[in-house]
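Novice: I have a structure I would like to understand better, so I am pasting it below and will then ask my questions one at a time.
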Amino acid sequence: MEIAFYIAGTVAVVATLMVITRHNPVHALLYLNVSLLAHAMLFYLLGASFAALLEIIIYAGAIMVLFIFVVMLLNLGKETAEQERKWLKVKVWVGPTLLAAVLFAEFLVLVLSSGQGTYSPAVVSPRQVAVSLFREYLIGVELAAMLLMAAVVGAAHIGRHKRLVLHRFLKEEVEKEEEKHEAVML
Amino acid sequence: MKPSVSIEVVVLLAGLLFALGIVGVIIRKNIIFMLLSVEIMLNASGLAFVAAGSRWGQPDGQVMFVFILAMAAAEVSIGLALILQIYHQHKSLDIDNLKEMNG
Amino acid sequence: MMLVLLITVLMVGAVAAVVAGEWSRHVPRWIALVACVIGLMCVIAIWANTSPAGGSVPSGQWLLDYRKSWIPSFGISFHLAVDGLSLLLLALTFFLGVLAVLCSWDEIRERTGFYYFNLLWILAGVAGVFMAMDLFLFYFFWEVMLIPMYFLIGIWGSENRVYAAYKFFIFTQASGLLMFLAILGLYFIHGQDTGIYTFNYFELTGTVIPFKSAFWLMSGFMIAFAVKLPVFPFHTWLPDAHGEAPTAGSLILAGLLLKTGAYGMLRFVVPMFPEAVREAAVPAMVLGVVGIIYGAVMAYSQTDLKRLVAFTSVSHMGFVITGIFALNELALQGVVMQLVTHALSTGALFLMAGMIKERLHTRDIGEMGGLWGPMPQMGSIGLVFAMASLGLPGLGNFIAEFLILLGVFQAHPWITVAAASGLIFSAVYSLRIVGKIFLGPRKTMETVPDFSFREMLIMAALTVSIVWLGLFPQPVIDTARPAITELVRFMDVQSAALQHQPYVKQ
Amino acid sequence: MDKFLWLIPALPLGGFLILAFAGKYISRKAVAIVGAGSICLSALVMFAVGGAFLSGMPENAVYTQTLWTWFEVGDFNAKITLSLDALSLVFVFAITFIGALIHIYSTAFMEADRDYARFFASMNLFVFSMLVLVLADNLLLMYLGWEGVGLCSYLLIGFWYEQPANGAAARKAFTVTRIGDAAMAIGLFMVFQQAGTLVVSEIGANASAIWQPNSTSVTITALLLLAGGLGKSAQLPLQTWLPDAMAGPSPVSALIHAATMVTAGVYLVARMHTIFALSETARLVVAVIGAATLLLAGLTALTQYDIKRVLAYSTISQIGYMFLALGVGAWTAAVFHFMIHAFFKALLFLAAGAIIESLHHEHNMFKMGGLKDKMPVVFWTFLAGAISLAAVPLVSAGFYSKDQILWYSWSAGGGNAVLWAVALAGALITAAYTTRMMILTFWGESHTPIGHLPGRRMTMPLVVLALFSVFAGFIELPHNFGHFTLFSDLLHPVLPETFMKENIPSEWLFQLLAALATLGGIFLGYYYYYQKPSRIENLRRNGLVVQLHRFWFSGWAFDALYDRMLVKPFIYISSINKKDITDKLYTGIAAITGDMYKLLSRTQSGSLRWYIMGLVAGAILILGIQIML
């Protein structure tokens, strides 16, 4: 079954590559979804069926929907794609790519020099995960809960429509400038 | 009926995906794409965790993945809310338009 | 308890002043004056009780001792003690404190409550430094005197005050940090050696430290004290701080804050690191001599009166460091005298600079001249203190410089020869002060009143003291004697032990 | 009587204190009474104590009185102790007696001055300090007096402080003497280190036990002490301040810069004779400096226009004679010449002051002239002083004192032919410039109209001093006629006998030559300035003479030399460093910090992508390091 692993891996890589090179946001999102599904496959093959399920339900399901909502909300279509095409030039991406390649190469050297043999992935059942989560990592779960709570409140707050969001210092400056303006006008 | 793969290959795969994520973050000017690339990077690290967990037969790897997931959810919700606001105020998603926080 | 009272009276006075300042501009100065006078009387009472003439003579070096546990888990205690050296400097502190309050009487018109709060707080810090026998407590007071001084310069100073305040703060704070590191180093070395972790001065003095670490720890202390003193390459904060500070600030800076550096060397550096001090003696003395000459030459070129006097301080403090490292009784007694007399003479010159500034609204000596005509009293007093500063016999500074040079001559004749050139340079700059301010043709024709009664009082007190110290210095010398002889004896024992070590090993 | 010793300095001190604190509030008359009265009283006490001292010599020929312990540290102790022996008696006599006369003179001379009280306060303080100097029983107390007279000299030279030149002269005087004083202070340290005491009598008693004769340490000690003396006594190479010191009022010049303070160096060397006696080198240096100074100053005096500067250079020259005498070992001769010189030089200065006052502050001799008949009292007294200065044989006191020095400079232990020849040449020059001064001032045509004539309070001291400068010489007559040695007998308990060489020529010969030199000098002056003034014009045309004249006139260009070598460089160095170069170190650190901040703040561009690039680069770096290791 190694072949399944390699196929899933290849799909993930190719889909990811497509994500970062697409001009149209919707296309990119779809590729990302493919990539996430491939990830889920990988997780499953590594014996982490719980993780694979979460990947599909939450990532590919919930989070991606959020993205799509936003893309739809902002009505990012052809114009954005045109813009992206203009922005994505060779001289823009070649440098960072090389940098990342160097990083990867270093990573490669380090990993290969460690010399681990092949193994058969152990199956870690959802039950084990749950026990671990609510025993040893209980505090982490609490923190994660708080984080999500904060995120909900934050998102609700930030997402409200306001005409102008400025820091209070900047606000004062604006007021001062306005006063100056008025003085000049007078 | 699990495959027997070398741990290096899995970790290298995670590294490759991570590197791609980095490239995505750097080369794109559109914030949405940057956010997508960040998701890729998160996933890549999640993959590494899960691989490690399965290598040693411990649940910790998946636990970490759950936390990553929670964090990603929080991040995406905040990030998308910010994107909405930025778009409303600047009428653009170009990250270079937001260089206000320079020293 | 008397010792605690000395500090608390100042701190309580400080708080009272800032509270009273909310209602009235004039009440704070009275509170400050009363606090300082009470403190001065307490010191005099201690002095009278412990002097050979006044009954209970303590057997050893220490006259009074007060100890209370503070943070026992770290071995920190609230430990104050006083010997002759501390007592002299305490007397000086409160004496100059009274004068500082008097000289700010009319000069300070804004935020008087906070001003006197800072003034008293500095005095409390200085008094604490002179009494603390716990290194942590010492560092605490060392920092206590720093911040109010920063405010004093930064708020009530003249044009360039913010720069000067920053410079003062950074120099002293950075060097204080080094001292704190050295204190901690000492604390841990002592703790590891003996298993007793304590900041107590008396226990730490006995610590046996390997030479190399002793050298670094000593450097930590030395740099802090050398910056405060100041020793030659670290002196550059002084002219700025003096130049910009209000009159009372300059008075306290010159009179007290610089003295804490010398006190620290005498109290901590020499007894704790006798070997390292012996090794570092010649370089330190050379720095002292460089300071003497450099300060004098710099003083000659200045046109700002307060900067000029500040550089004379650098020159005089060169004598102090040279004397400390001569490590014999003559020189150390000279150092004690120099601390007292320099505070008086330089303080008086700063006061006079302040008084002239009030009248002429300038510190530039190029714009003065011929002031003897309208102000003969100030002229004569100015002459007295210029002469004191050049070391005229009959005034206190002469005794000090003579003893230092005599003591240094026993140790290193050539260094004395170089230091004696300071006598010539001091004449050059002192006469320049007198000549530029009081002699020559009048530059300005506005009427300048001579001393007021309050100013006369201040200057008379200083003049009488400096003449008294010049003619009858023996009480001061006797008071400091036990501390000094103990120090010298300690150094002799140390060096004897060093010399005998080879034989012991064999 | 020794219980009243403290009164001698205390009276002037009291006068000073009264004038300093109450001078503003009391009348001018009261100021004069306090100022002059305190010195007169002091002189009276001196006569009483001195009389008692002479009539019943105490056992060890010294009165001492300890007032209090000044300070005591370890094995060092300094007491405020006064001691009066024959040597100090001579000095105290000169100081109080001449001082009293000068104070009386000053009450009239300074009558019109605004700062009457300040003048007398300073003068009283000076007399006090000078008395402390000569009465001190230890070197430290002497140093107190020594510096005190320096201060008073400063105050009085700059008395008319509104002219900047006066202030500069005062500052110069103080600074130059201070150089000598610093050396002297080091000398004191050496004495203490080696002798363990600064008490003069103890040093004197143990000197030969402490120091090896002619050892380096004793020579250095002696030379350091000498340096102090050179500064105060205006000898080479520290002589430049004295001519400028004439900026002070004339009584000041008379008292401080002629009669008393400038001879402090002579006193110091005589006082420390035990140390100098142990070092041949030091004595030779003293003699050579004295000889060189007397010649140099004499030649300079020959060229001056200002009457007070002539007198100033003649003072330097006469003190040169005293140093010469000390150097050759003729201790009593030096002190004798000091006393005679104090009389006639004080007289000359006071008379010159009277002339200058009458001529509306005209100092230039070439603008005087013809005063012989107009100011008879001043003329006759000035003449008495002049013959004493020129050492006219037999009739003047100066002859007896100077002749002794001339003779000893050949025949005493340290003397030799060169020193004698220089001294003889000096005698000729002295006579010449004295004659020149007399002729230019009193003979010839009048160039400046006379104001008021001096009153009785000014002429009385002149007459008294004139009597002394003519007759005081008779207390010590040469060995070959009279052999009357009252003065040196008095001093011999303190100062040793002069050691004489063997096989010396007859003293008559020396006296004859000295007399010839004096008369020759007088003739030269008479010939060039009275009989044939046209010869001077001829000389003026000679280039070499003009150059020489310019050189001598400037005091052998010492001022220019010091100015260029010491003063200018000092001022230059201090002025370029006004901003303090070491501060650059710290401002430099601050500037570097600031620059670094600016550099780093540029990386804070706000561009998110750059930050990520930075992150990646950092990761590459860390991983790279990991690989390398």
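The values are calculated or read from the model by the stated rules, or taken from the named source; none is laboratory data. All of these numbers come straight from a predicted model, not from anything done at the bench. Methodologically, a virtual Cβ is constructed for each residue, glycine included, from the backbone with ideal geometry; neighbour enumeration extends over all protein chains shown.
Novice: Of the numbered conditions (1) over 22 Å from D:Ile210 (Cα atoms); (2) surrounded by fewer than 24 Cβ atoms within 10 Å (Cβ to Cβ), D:Gly265 satisfies every one except a single condition; which is it?
Specialist: (2)
Novice: For the subset of the stretch B:52-68 comprising residues that are within 7 Å of chain A (Cβ to nearest Cβ) and touching a Leu at 6+ places or on another chain (Cβ under 6 Å), which member is modelled with the highest pLDDT?
Specialist: For the stretch B:52-68, the residue satisfying everything is B:Val63.
Novice: Quickly run through the stretch C:10-23 and pick out the residues that are within 21 Å of the chain's Cα centre (by Cα) and crowded, with 21+ Cβ neighbours inside 10 Å.
Specialist: C:Leu10
Novice: Here is a follow-up. Going through the stretch D:146-160 one residue at a time, which ones are more than 25 Å from D:Thr64 (Cβ to Cβ) and at the interface with another protein chain (Cβ under 9 Å from one of its Cβ atoms)? Let's see the steps before the verdict.
Specialist: Kept after step one, since they are more than 25 Å from D:Thr64 (Cβ to Cβ), are these residues of the stretch D:146-160: D:150-160.
Once the filter is applied, which keeps residues that are more than 25 Å from D:Thr64 (Cβ to Cβ) and at the interface with another protein chain (Cβ under 9 Å from one of its Cβ atoms), the stretch D:146-160 yields D:Gly150, D:Leu151, D:Tyr154, D:Leu155, D:Gly158.
Novice: Something else: Tell me, which helices (runs of 4 or more DSSP H) lie completely within the stretch C:199-311 with 2 or more residues that are crowded, with 24+ Cβ neighbours inside 10 Å? First the steps, then the outcome.
Specialist: Details: elements: C:201-204, C:211-228, C:237-244, C:247-252, C:258-264, C:274-301.
In the stretch C:199-311, the matching helices (runs of 4 or more DSSP H) lie at C:211-228, C:237-244, C:247-252, C:258-264, C:274-301.
Novice: Select, from D:Thr274, D:Thr281, D:Thr293, the only residue that is in a helix (DSSP H, G or I), buried (at least 23 other Cβ atoms within 10 Å of the Cβ) and in contact (Cβ under 8 Å) with a residue 40 or more places away in the chain.
Specialist: Numbers: D:Thr274 fails: buried (at least 23 other Cβ atoms within 10 Å of the Cβ); D:Thr281 fails: buried (at least 23 other Cβ atoms within 10 Å of the Cβ).
So the residue among D:Thr274, D:Thr281, D:Thr293 that is in a helix (DSSP H, G or I), buried (at least 23 other Cβ atoms within 10 Å of the Cβ) and in contact (Cβ under 8 Å) with a residue 40 or more places away in the chain is D:Thr293.
Novice: Give the stretch D:545-563 a look and list any residue that's charged (D, E, K, R) and crowded, with 16+ Cβ neighbours inside 10 Å, or say none.
Specialist: Quick first cut of the stretch D:545-563, residues charged (D, E, K, R) only: D:550, D:559, D:563.
If the condition is that a residue be charged (D, E, K, R) and crowded, with 16+ Cβ neighbours inside 10 Å, then D:Asp559 is the only one that fits.
Novice: Taking the condition free of Cβ contacts under 8 Å to residues at least 40 places away in the same chain, within 14 Å of chain C (Cβ to nearest Cβ) and in a helix (DSSP H, G or I), does D:Leu44 pass?
Specialist: On the way: free of Cβ contacts under 8 Å to residues at least 40 places away in the same chain: yes; within 14 Å of chain C (Cβ to nearest Cβ): no; in a helix (DSSP H, G or I): yes.
Considered against the rule, which asks whether it is free of Cβ contacts under 8 Å to residues at least 40 places away in the same chain, within 14 Å of chain C (Cβ to nearest Cβ) and in a helix (DSSP H, G or I), D:Leu44 comes out as no.
Novice: State all residues of the stretch D:611-629 that are under 16 Å from B:Asp96 (Cβ atoms) and either within 8 Å of chain B (Cβ to nearest Cβ) or under 60 Å from the mean Cα position of the chain (by Cα) (or both); if no residue qualifies, say none.
Specialist: D:Ile612, D:Met613
Novice: Let me ask something else about it. Within the stretch A:2-14, work out how many residues are buried (at least 18 other Cβ atoms within 10 Å of the Cβ) and closer than 17 Å to B:Leu36 by Cα. Even if it seems obvious, please write down each step before you answer.
Specialist: Applying the first criterion (buried (at least 18 other Cβ atoms within 10 Å of the Cβ)) to the stretch A:2-14 yields A:5, A:8-9, A:12.
So of that shortlist, the ones also closer than 17 Å to B:Leu36 by Cα come out as A:12.
Counting residues in the stretch A:2-14 that are buried (at least 18 other Cβ atoms within 10 Å of the Cβ) and closer than 17 Å to B:Leu36 by Cα gives 1.
Novice: Of all residues being part of a helix (DSSP H, G or I) and without any contact (Cβ under 8 Å) to a residue 24 or more places away in the chain in the stretch C:435-467, which is surrounded by the fewest Cβ atoms within 10 Å (Cβ to Cβ)? Just the residue, please. Explain how you work it out, then say what you get.
Specialist: Keep residues of the stretch C:435-467 that are part of a helix (DSSP H, G or I), which gives C:435-437, C:453-467.
From the residues that got through so far, the ones that are without any contact (Cβ under 8 Å) to a residue 24 or more places away in the chain too are C:435, C:453, C:460, C:464.
Numbers: C:Gly435: 21, C:Phe453: 6, C:Ala460: 13, C:Val464: 10.
Ranking the qualifying residues of the stretch C:435-467, first place goes to C:Phe453.
Novice: Would you check if A:Trp87 is within 22 Å of A:Thr21 (Cβ to Cβ), at the interface with chain B (Cβ under 7 Å from one of its Cβ atoms), in contact with a strand residue (DSSP E or B) (Cβ under 9 Å, 6 or more places away or on another chain) and free of Cβ contacts under 8 Å to residues at least 60 places away in the same chain?
Specialist: Yes, satisfied.
Novice: Next question, about the same structure. Out of the stretch C:380-400, which residues are more than 9 Å from every other protein chain (Cβ to nearest Cβ) and in a helix (DSSP H, G or I)?
Specialist: C:Ile381, C:Gly382, C:Val384, C:Phe385, C:Ala386, C:Ala388, C:Ser389, C:Gly396, C:Asn397, C:Ala400
Novice: Taking the stretch D:471-500 only, how many residues are assigned to a loop (DSSP other than H, G, I, E, B) and either within 19 Å of D:Leu406 (Cβ to Cβ) or charged (D, E, K, R) (or both)? Reasoning before the result, please.
Specialist: Kept after step one, since they are assigned to a loop (DSSP other than H, G, I, E, B), are these residues of the stretch D:471-500: D:477-484, D:492-499.
Filter again for either within 19 Å of D:Leu406 (Cβ to Cβ) or charged (D, E, K, R) (or both), leaving D:477-484, D:497-499.
Residues in the stretch D:471-500 being assigned to a loop (DSSP other than H, G, I, E, B) and either within 19 Å of D:Leu406 (Cβ to Cβ) or charged (D, E, K, R) (or both): 11 in total.
Novice: If you take the residues of the stretch D:103-145 that are touching a strand residue (DSSP E or B) at 6+ places or on another chain (Cβ under 9 Å) and either in a loop (DSSP other than H, G, I, E, B) or aromatic (Phe, Trp, Tyr) (or both), which of them is nearest to the other protein chains (Cβ to nearest Cβ)?
Specialist: Across the stretch D:103-145, the extreme among qualifying residues is D:Tyr143.
Novice: Give me the residue from the stretch D:425-456 that is of a type in the set (Phe, Trp, Tyr) and surrounded by 21 or more Cβ atoms within 10 Å (Cβ to Cβ) and, out of that set, nearest to D:Gly520 (Cα to Cα). Walk me through how you get there before you give the answer.
Specialist: So the first thing to find is which residues in the stretch D:425-456 are of a type in the set (Phe, Trp, Tyr), and the list is D:433, D:442-443.
Checking the rest, the ones that are also surrounded by 21 or more Cβ atoms within 10 Å (Cβ to Cβ) come to D:433, D:442.
On the way: D:Tyr433: 12, D:Phe442: 21 Å.
Ranking the qualifying residues of the stretch D:425-456, first place goes to D:Tyr433.
Novice: In this structure, does D:Met596 turn out to be under 30 Å from B:Asp96 (Cβ atoms) and either within 31 Å of the chain's Cα centre (by Cα) or exposed (fewer than 11 other Cβ atoms within 10 Å of the Cβ) (or both)? Explain how you work it out, then say what you get.
Specialist: Working: under 30 Å from B:Asp96 (Cβ atoms): yes; either within 31 Å of the chain's Cα centre (by Cα) or exposed (fewer than 11 other Cβ atoms within 10 Å of the Cβ) (or both): yes.
Spelling it out, D:Met596 is indeed under 30 Å from B:Asp96 (Cβ atoms) and either within 31 Å of the chain's Cα centre (by Cα) or exposed (fewer than 11 other Cβ atoms within 10 Å of the Cβ) (or both).
Novice: Something else about it: Just for the stretch D:369-386: of the residues that are surrounded by fewer than 24 Cβ atoms within 10 Å (Cβ to Cβ) and closer than 21 Å to D:Ser253 by Cα, which one is modelled with the lowest pLDDT?
Specialist: Ranking the qualifying residues of the stretch D:369-386, first place goes to D:Val377.
Novice: Answer with yes or no whether C:Ala331 is in a helix (DSSP H, G or I), closer than 26 Å to C:Phe138 by Cα and touching a Leu at 6+ places or on another chain (Cβ under 8 Å). Walk me through it before giving the result.
Specialist: Values: in a helix (DSSP H, G or I): yes; closer than 26 Å to C:Phe138 by Cα: yes; touching a Leu at 6+ places or on another chain (Cβ under 8 Å): yes.
When the stated conditions are applied, C:Ala331 passes them.
Novice: If you don't mind, there's one more thing I want to ask. Could you please let me know if A:Thr97 is facing chain B (nearest Cβ under 7 Å), surrounded by 12 or more Cβ atoms within 10 Å (Cβ to Cβ) and touching a strand residue (DSSP E or B) at 6+ places or on another chain (Cβ under 7 Å)?
Specialist: Values: facing chain B (nearest Cβ under 7 Å): yes; surrounded by 12 or more Cβ atoms within 10 Å (Cβ to Cβ): yes; touching a strand residue (DSSP E or B) at 6+ places or on another chain (Cβ under 7 Å): no.
Against the criterion (facing chain B (nearest Cβ under 7 Å), surrounded by 12 or more Cβ atoms within 10 Å (Cβ to Cβ) and touching a strand residue (DSSP E or B) at 6+ places or on another chain (Cβ under 7 Å)), A:Thr97 does not qualify.
Novice: Within the stretch C:318-339, is even one residue at pLDDT 90 or above, small (Gly, Ala, Ser), in contact with a Ser or Thr (Cβ under 6 Å, 6 or more places away or on another chain) and surrounded by 24 or more Cβ atoms within 10 Å (Cβ to Cβ)?
Specialist: no
Novice: Please list, ordered by residue number, the helices (runs of 4 or more DSSP H) wholly in the stretch C:111-160 having 1 or more residues that are touching a residue at least 12 places away in the same chain (Cβ under 8 Å), of a type in the set (Lys, Arg) and surrounded by fewer than 22 Cβ atoms within 10 Å (Cβ to Cβ). Please lay out each step first, then the result.
Specialist: Values: elements: C:112-131, C:135-144, C:146-156.
So the answer is none; nothing clears 1.
Novice: From the set of residues in the stretch D:427-456 that are part of a helix (DSSP H, G or I) and touching a Phe, Trp or Tyr at 6+ places or on another chain (Cβ under 7 Å), which is nearest to D:Lys402 (Cα to Cα)?
Specialist: For the stretch D:427-456, the residue satisfying everything is D:Thr435.
Novice: Check the stretch C:467-474 and report whether any residue there is touching a Leu at 6+ places or on another chain (Cβ under 7 Å), farther than 22 Å from C:Ile324 by Cα and modelled with pLDDT of 70 or more. Even if it seems obvious, please write down each step before you answer.
Specialist: Filtering the stretch C:467-474 for residues touching a Leu at 6+ places or on another chain (Cβ under 7 Å) gives C:467, C:470.
Right, trim to farther than 22 Å from C:Ile324 by Cα and you get C:467.
Pick out the ones that are also modelled with pLDDT of 70 or more and you get C:467.
Scanning the stretch C:467-474 turns up at least one residue that is touching a Leu at 6+ places or on another chain (Cβ under 7 Å), farther than 22 Å from C:Ile324 by Cα and modelled with pLDDT of 70 or more.
Novice: Hey, another quick one. Return the residue satisfying two criteria in turn: it lies in the stretch D:569-610 and is within 14 Å of chain B (Cβ to nearest Cβ) and not in a helix (DSSP H, G or I), and of such residues it is nearest to C:Gly291 (Cα to Cα).
Specialist: This residue is D:Gln604.
Novice: OK, next. In the stretch A:15-40, which residue that is free of Cβ contacts under 8 Å to residues at least 12 places away in the same chain and more than 10 Å from chain B (Cβ to nearest Cβ) is surrounded by the most Cβ atoms within 10 Å (Cβ to Cβ)?
Specialist: A:Leu30
Novice: Those residues that are among the β-branched types (Val, Ile, Thr) and either crowded, with 24+ Cβ neighbours inside 10 Å or within 22 Å of D:Thr197 (Cα to Cα) (or both), I need them from the stretch C:388-426; list them, please. Talk me through it step by step, then tell me what you get.
Specialist: Filtering the stretch C:388-426 for residues among the β-branched types (Val, Ile, Thr) gives C:399, C:404, C:408, C:415-417, C:424.
Selection gives C:Ile399, C:Ile404, C:Val408, C:Ile415, C:Thr416, C:Val417.
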